[in-house]
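Below is one structure; the comments refer to it alone.
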Amino acid sequence: MQASAQHTINLLPHFSTLNVERVPSQLHELLDSNQAELDAVLMAEGGPEWDELLSVLENNSDRLARFWSPVQHLHHVADSEQLRAVYSECIETISAYHTELSQNEALCAAFKTVRAATEFETIDHVSKRVIDLELRDFKLGGVDLPPEDKIELKEIRRTLARLAQQFEENVLDATQKYRKHLTSDSRLAGLPESALALARQTAQNQELEGYVLTLDFPSYLPALTFLDDRELRRELYEAFVTRASAGGPSGGEFDNTQIIESILEQRQALARLLGFESYADYSLATKIAESPAAVIEFLRELAMRSKPTAKREFDELTRFAREELGLENMAPWDVAWCSEHLRVQRYAVSQEDLKPYFPVERVLAGLFELVKRLFGLSIKRCEGIDVWDGAVEFFEVDDQYGETRGFFYLDLYARTGKRGGAWMDECICRWQGSDQIQVPVAYLTCNFTPPVAEKPNLLTHEEVQTLFHEFGHGLHHILTKINRIAVAGINGVAWDAVELPSQLMENWCWEREALDLFSGHFATGEPIPEALFEKMLAAKNFHCAMQMVRQLEFALFDLRIHHEAETATAVQEVLDEVRSEVAVVIPPQYNKFQNSFSHIFAGGYAAGYYSYKWAEVMSADAFSMFEEKGVLDRGAGEGFMTHVLEKGGSEDAMALFEAFRGRRPQVDALLRHSGLSR
């Protein structure tokens, strides 16, 4: 495997020498070349040979992905005006290319010919899966539409690509434009030293005296959680929940309201053009869930099980705020602050108490040791790799036989020009080329508090869970043994199952055997004291029901606006109805959370946000096997690797789960893990 690893290294992007100005012309040349190669094989005398056709398609897909991946990634992590302009131009070109490919009647006919041939039964099961998924996607791509409808569909897809980009850029700009400059720490009482140091460093980076608070999560979340100054919390909260809206500090400068309406209108038009009643029906055509009604029933069942407990939690918090903290009317900007005080009073533990035990290097080393014990993997740093920021690192992943399975970039820290959140993305996919296997490369991206001066770089336990989550996605991409790009790694995996590996990995963040691998006091190396660990476990499900109904609020809102007729101009009305049904914390009218809901308006979760809860049922049940056999049981780890991680999208996701677990998933484990079992 070393040859393929070296081959992959040679294909890594050169971020520092990327000539952004040349990207559009190079893209057109590449797409023209791809089209010429495809036309040649399709027009071959006697019709295309299956193996040759698939080879051309995969080679074209790989070339485009490797060319576009660094451009797209830099747009997400190191944005600039020049890069935005180039990205905007190219994303519409790529959208049009993919639409034309999905509407290529000759190509679709070639797949249908193979599918109908008697030789189909002799083809390997992976290729069969590729053929069936491609035929499904041809239908969803509009291959059977009349010419005028194909033109309309192409324009809709191009418009949606542009709108999604604009939505995401507005959120980034609104987030990064705001800053709260304080010349002294007189209003920062309660803020932990780590957050104070970050505020001080942020001010220094902007050549200002004192402190600067921002809406980036490493700054915003500690402020809402710990700041004693209620008015300052209110100001920050209002700035955060009005991002990219007509109100708030930006005052409409980056308003996404009309963009949301346009996105919904275009999505509904796309769905109806393809014969679906709604965009939700169209979205679920590629997922495990059978129908929007089935998803709504699932979400409402969870809400029914969760809301009574959530209401009790909220009522208790309200009483605590009034009786212990002197707040007669607890407002939304008080909730996190009051919750932290109640948590500390009840369990005598906070995220700040745990941070000294999670220095970044110890967490990484322990995470790598954990996956070595579970899956037999060895992970090591690679030096001399071109990266986009000095804090980015690059790692190689080898299996127990010493074969290189893949690589990943690790970009942990928040910075200017980097979009918020955490994610895994593909850099290079696994593929069987003409003479060797190209191993996969992943981007793992987080937005943790950046290193401050000479202080040790410590993570909260919540940040550790985020890292484990994204690492689970990375394993899914890297450990695949499928050599067809279309179903390798996360490709071809139903969207409502793609969170299974990531959510599964989070479970080890709560297990003592595992914690001792990746935690230890930054100064002494001592493990988390047993008394602190017990407090941490006791607090695990603190306000878990409130968190559950918050996620259900997002999921129901997403599904309803993509399923019900005429919701494009009634987004706020639908959100208000959903909140009245499932929420216990009702925000003020100026809260425009939807205007920065990038998951569904600029990401891949449209009519699919429910996937987090859907997959969480699967992940909790999958982890119950480790609970039965031992949380570090190698057999269970290898079983999950063999049946899920290595198979990618080569088989139905539910079939893979059943092969691992021996049965279909049950909701009991999720309810037990969430403290909601009856």
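The values are calculated or read from the model by the stated rules, or taken from the named source; none is laboratory data. On a predicted model such as this, the values are computed, not experimentally measured, just so you know. Every residue, glycine as well, gets a Cβ built from its backbone with ideal geometry; the counts of neighbours run over all protein chains shown. The accessibility values were calculated without ligands, DNA or RNA, using every heavy atom of the protein model including side chains. Shrake-Rupley method; radii C 1.70, N 1.55, O 1.52, S 1.80 Å.
When a/c is below 1.5 the answer is rounded, else prolate if a/b is larger than b/c, else oblate, so apply that to the stretch 61-159 with a ≥ b ≥ c taken from the square roots of the Cα gyration tensor eigenvalues.
Numbers: a/c = 3.94, a/b = 1.69, b/c = 2.33.
Here the stretch 61-159 falls in the oblate category.
Using a 1.4 Å probe and counting only protein heavy atoms, arrange 426, 81, 499 so the residue with the most accessible area comes first.
Values: 426 45, 81 165, 499 5 Å².
Ranking 426, 81, 499 by accessible area, largest first, yields 81, 426, 499.
Quickly rank 652-662, 368-378 as a protection proxy: mean count of other C-beta atoms within 10 Å, highest first.
On the way: 652-662: 17.1, 368-378: 19.0.
Descending packing order for the listed peptides: 368-378, 652-662.
Can you pull out the chymotrypsin sites (Phe, Trp or Tyr not before Pro) in the stretch 555-632 whose DSSP state is coil and whose Cβ has at most 16 other Cβ atoms within 10 Å?
On the way: sites: 557, 590, 593, 597, 601, 605, 609, 610, 612, 614, 623, 626; in loops: 590, 597, 605, 609, 610.
Answer in residue order: 590.
What is the magnitude of the charge dipole of the chain about its Cα centre, with +1 placed on the Cβ of each Lys and Arg, -1 on the Cβ of each Asp and Glu, and no other charges, expressed in debye to the nearest 20?
Values: 66 positive and 106 negative charges, 278 e Å.
With Lys and Arg at +1 and Asp and Glu at -1, about 1340 debye.
Could you rank the peptides 38-49, 162-173, 452-463 by their average count of other C-beta atoms within 10 Å per residue, with the highest value first? Intermediate values should be presented prior to the final figure.
Numbers: 38-49: 13.2, 162-173: 20.3, 452-463: 17.2.
Taking the mean over residues of other Cβ atoms within 10 Å, the ranking is 162-173, 452-463, 38-49.
What accessible area per residue comes out for the chain, rounded to a whole number of Å², with a 1.4 Å probe? All intermediate terms of the calculation are to be shown ahead of the outcome.
Numbers: 27490 Å² over 678 residues.
With all protein chains present, the chain gives 41 Å² per residue.
Report, in listed order, any pair from 355/481; 112/150; 540/647 with a Cα-Cα distance greater than 29 Å.
Values: 355/481 37 Å; 112/150 20 Å; 540/647 33 Å.
Over 29 Å Cα-Cα: 355/481; 540/647.
How much net charge surrounds residue 37 when only the other residues with a Cβ under 12 Å from the Cβ of residue 37 are counted, with Lys and Arg +1 and Asp and Glu -1? If you can, show how the numbers build up before the last one.
Details: positive: 63; negative: 32, 39, 52, 58.
Here the charged neighbours net out to -3.
Counting Lys +1, Arg +1, Asp -1, Glu -1, what net charge surrounds residue 575 among other residues with beta carbon under 12 Å of its beta carbon?
Working: positive: 560, 579, 592; negative: 553, 558, 573, 576, 577, 581.
Taking every Cβ under 12 Å from that of residue 575, the sum is -3.
What percent does the relative contact order of the chain come to when contacts are Cα pairs within less than 8 Å and at least six residues apart?
Details: 1063 pairs, mean separation 114.5, N = 678.
Reported as a whole number, the value is 17 percent.
Distance from the Cα centre of the stretch 380-410 to that of the stretch 133-170, in angstrom?
36 Å
With a 1.4 Å probe and every protein chain kept in, tell me what percent of the accessible surface of the stretch 71-129 is carbon plus sulfur.
Working: 1470 of 2730 Å².
About 54 percent, which is the carbon plus sulfur part of the accessible surface.
Could you name the lysines whose alpha carbon sits less than 20 Å from that of residue 592, not counting residues in the same chain fewer than 8 places away?
Once the sequence-local lysines are set aside, what remains near residue 592 is 177.
How would you order 108-117, 319-328 from highest to lowest mean count of nearby Cβ atoms within 10 Å?
Details: 108-117: 15.9, 319-328: 13.1.
Peptide ranking by packing, descending: 108-117, 319-328.
Taking the dipole about the Cα centre of the chain, with the C-beta of Lys and Arg at +1 and of Asp and Glu at -1, give me whichever of 25, 48, 13 is farthest to the positive side.
Checked the options; the winner is 13.
Using P(r) over Cα pairs in 10 Å bins from 0, in percent as the read-out, say which of (1) 3, 14, 25, 29, 20, 8, 2, 0, 0; (2) 2, 10, 13, 16, 18, 16, 11, 7, 4, 1, 0; (3) 2, 10, 17, 24, 23, 13, 7, 3, 1, 0 was calculated from these coordinates.
Given (1) 3, 14, 25, 29, 20, 8, 2, 0, 0; (2) 2, 10, 13, 16, 18, 16, 11, 7, 4, 1, 0; (3) 2, 10, 17, 24, 23, 13, 7, 3, 1, 0, the structure-derived one carries the label (1).
Between the stretch 300-327 and the stretch 199-240, what's the alpha-carbon centroid distance in Å?
Taking the Cα centre of the stretch 199-240 as reference, the centre of the stretch 300-327 is 27 Å away.
Counting Lys and Arg as +1 and Asp and Glu as -1, what is the net charge of the other residues whose Cβ lies under 13 Å from the Cβ of residue 106? Please report the intermediate quantities before stating the final value.
Working: positive: 112; negative: 39, 100, 105.
Summing Lys/Arg as +1 and Asp/Glu as -1 gives -2.
Under the classification rounded if a/c is under 1.5, otherwise prolate if a/b is larger than b/c and oblate if not, where does the stretch 613-678 fall, given a ≥ b ≥ c as square roots of the Cα gyration tensor eigenvalues? Numbers along the way, then the final one.
On the way: a/c = 2.46, a/b = 1.35, b/c = 1.82.
Taking the square roots of the gyration eigenvalues as a ≥ b ≥ c, the stretch 613-678 is oblate.
Would the stretch 243-394 count as rounded, prolate or oblate if I go by the C-alpha gyration tensor, calling it rounded below 1.5 in a/c and otherwise prolate when a/b exceeds b/c, oblate otherwise?
Numbers: a/c = 1.57, a/b = 1.07, b/c = 1.47.
Because a/c hits 1.5 or more and a/b fails to exceed b/c, the stretch 243-394 counts as oblate.
Are there any helices in the chain, counted as whole DSSP H runs, that stretch 30 Å or more along their axis by Cα and score at least -1.0 on average by Kyte-Doolittle, and if so which?
What comes out of the filter, once short or polar helices are dropped, is 50-77, 81-102, 147-177, 292-324.
Could you look at the stretch 262-405 and say what percent of its accessible area is carbon and sulfur, using a 1.4 Å probe and all protein chains? Before the final figure, lay out each step's value.
Working: 2880 of 6320 Å².
Solvent-exposed carbon and sulfur of the stretch 262-405 make up 45 percent of the total.
With n ≥ 4 as the cut-off for DSSP H runs, can you work out [θ] at 222 nm for the chain, using -39500 (n - 2.57) per run divided by the number of residues, rounded to the nearest 500?
Numbers: 27 runs with 384 residues, N = 678.
Only helices count here, giving -18500 deg cm²/dmol.
How large a share of the accessible area of the stretch 513-610, in percent, is made up of carbon and sulfur atoms when the probe is 1.4 Å and the other protein chains stay in place? It would help to have the intermediate numbers written out before the result.
Values: 1930 of 3640 Å².
Its accessible area is 53 percent carbon and sulfur atoms.
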